[in-house]
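The values are calculated or read from the model by the stated rules, or taken from the named source; none is laboratory data. Remember, predicted model here, so these are calculated numbers, not experimental data. Heads up, the Cβs are rebuilt from the backbone with ideal geometry, glycines too, and the neighbour counts pull from every protein chain shown.
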Amino acid sequence: MVSVLAGVVERAGGRRDRFLGEARIEPGWLEEGTRRLSLDEYFHTVDAAITVTGDPAFGLHMGEQARSAMFGVVGSLAEQAGTLRQCVEAMERYARLLADGGFEPELREQGETAAIRFPAMRGDQNPRRMAAERMTAEFVMTALSFTLPVFAGGSARPTQVRFAYAEPPYVAEYRRIFGSAARFGQEFTELLFPRAWLDETHRYHSPELYSVLKDQADRSLARLERDGSLRVQLERIMAKHGPLPLTMEGAARYLRMSARSLQRRLTAEGLIFAELVTRHRVDVAKRLLGRPKASLQETAYEMGFASVTAFHRAFKRWTGMTPKQYQDSF
């Protein structure tokens, strides 16, 4: 994804070296092609792209330039799927080859309508991350809307394109791309279209090529899961677990090992379980506090604290500031 961003920044007139500097990315990372960004690093990189180009609608314009080759084997596999349904299933299964962070799509079907939904793009993130999250939603929704005609015919357009955030100042660009289908302030970011399109046959589908690409994607995913560090595995488990604290025993069950074995691996990698849990809880608490009109009582309850006072004390111990001071800082 960093290489994709860098290329689009350059085509928009921005300087690659300035972008990499703003994003704090080593040029060698692009050559290696194996460096994976954490969620915070990704958000910072997106902010850098918007800053360097000076284009608030960068995500929409990036989506217009999207090509399957930008996404490696996942993009090629999705493009070679036999149906739109198979395309979405491939994106969902292999999304982690592109990035961590829970941005996998979900296929929803109700009545005569289908939706490709991105539950993580809820629009209630910390305001410091809102620009990056909005850009990601713009990019994904634009790219998907241009994918529909591949499976459903040249004139296929989404029925609705819903965004889980308020209408931005540059809404005219949304209207240019999506027409009247764009909707803002929605519960989820998702793309709606006729359900019948899901099983339309891809005219240029090659079963042999799809099988080869799927085998490659399976090998890459297995390698990623095998080589993933214990820290990455635990961070992924905590993200799925939610805001409540995760115990050593609970984490061990996820990893299908004993708590004693987990402790040995933590020690071998120089990790302290309590510190990982605290870091995760701090990130979750900040995200919850960053929601519009977030109350301390509601946040304390979601975090599993018995009282606002207990949450207040814990947050100050973690960050050096009170929850109210943190909310007032942005």
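When the residues of region 128-157 are filtered to those that are hydroxyl-bearing (Ser, Thr, Tyr) and closer than 22 Å to Ala95 by Cα, the one that is modelled with the lowest pLDDT is Thr136.
Tell me which residues, restricted to region 311-327, are surrounded by 13 or more Cβ atoms within 10 Å (Cβ to Cβ) and under 18 Å from His280 (Cα atoms). Quick ask: steps written out before the conclusion?
Step one: filter region 311-327 for residues surrounded by 13 or more Cβ atoms within 10 Å (Cβ to Cβ), giving 311-316, 318-319, 321-323, 326-327.
Result: Phe311, His312, Arg313, Ala314, Phe315, Lys316, Trp318, Thr319, Met321, Thr322, Pro323, Tyr326.
Yes or no, residue by residue, for (1) under 30 Å from Glu109 (Cβ atoms); (2) under 25 Å from the mean Cα position of the chain (by Cα):
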{"residue": "His205", "(1), (2)": "yes, no"}
{"residue": "Val212", "(1), (2)": "yes, no"}
{"residue": "Glu225", "(1), (2)": "yes, yes"}
{"residue": "Gln263", "(1), (2)": "no, no"}
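The helices (runs of 4 or more DSSP H) located wholly in region 268-330 that include 1 or more residues which are hydrophobic (A, V, I, L, M, F, W, C) occupy 273-289, 296-302, 308-319.
Within region 278-304, count every residue that is buried (at least 16 other Cβ atoms within 10 Å of the Cβ) and basic (Lys, Arg). Residues meeting the conditions: 4. Search region 14-30 for residues being at pLDDT below 85 and under 21 Å from the mean Cα position of the chain (by Cα), and hand back the single one that is surrounded by the most Cβ atoms within 10 Å (Cβ to Cβ). If we take residues in region 14-30 being at pLDDT below 85 and under 21 Å from the mean Cα position of the chain (by Cα), then Ala23 is surrounded by the most Cβ atoms within 10 Å (Cβ to Cβ).
Inspect region 268-280 for any residue being of a type in the set (Lys, Arg) and not assigned by TED's automatic domain parsing to the domain that holds Tyr165 and give the result as yes or no. Checked against the condition, which is being of a type in the set (Lys, Arg) and not assigned by TED's automatic domain parsing to the domain that holds Tyr165, region 268-280 yields at least one hit.
If you go through region 246-277 one residue at a time, how many are acidic (Asp, Glu) and either surrounded by 14 or more Cβ atoms within 10 Å (Cβ to Cβ) or closer than 23 Å to Arg317 by Cα (or both)?
Residues of region 246-277 that are acidic (Asp, Glu), as a first pass: 249, 269, 275.
The next check asks that each one be either surrounded by 14 or more Cβ atoms within 10 Å (Cβ to Cβ) or closer than 23 Å to Arg317 by Cα (or both); those that pass are 275.
The number of residues fulfilling the criteria is 1.
Counting only residues that are more than 12 Å from Leu276 (Cβ to Cβ) and in a helix (DSSP H, G or I), region 242-257 holds 6 of them. Here Lys240 clears all of (1) surrounded by 13 or more Cβ atoms within 10 Å (Cβ to Cβ); (2) modelled with pLDDT under 90 except the condition numbered (1).
Within region 258-275, track down each residue that is in contact with a helix residue (DSSP H, G or I) (Cβ under 8 Å, 6 or more places away or on another chain) and either at pLDDT below 85 or of a type in the set (Phe, Trp, Tyr) (or both).
Glu269, Phe273
Of all the residues in region 193-219, those that are over 16 Å from Cys87 (Cβ atoms) and either in a strand (DSSP E or B) or in contact with a helix residue (DSSP H, G or I) (Cβ under 9 Å, 6 or more places away or on another chain) (or both) number 2.
Looking at this structure, is Ala306 farther than 29 Å from Glu187 by Cα and not assigned by TED's automatic domain parsing to the domain that holds Leu77?
Criteria not met by Ala306.
Scanning region 139-176 for residues that are among the basic types (Lys, Arg) and surrounded by 20 or more Cβ atoms within 10 Å (Cβ to Cβ) yields a single hit, Arg162.
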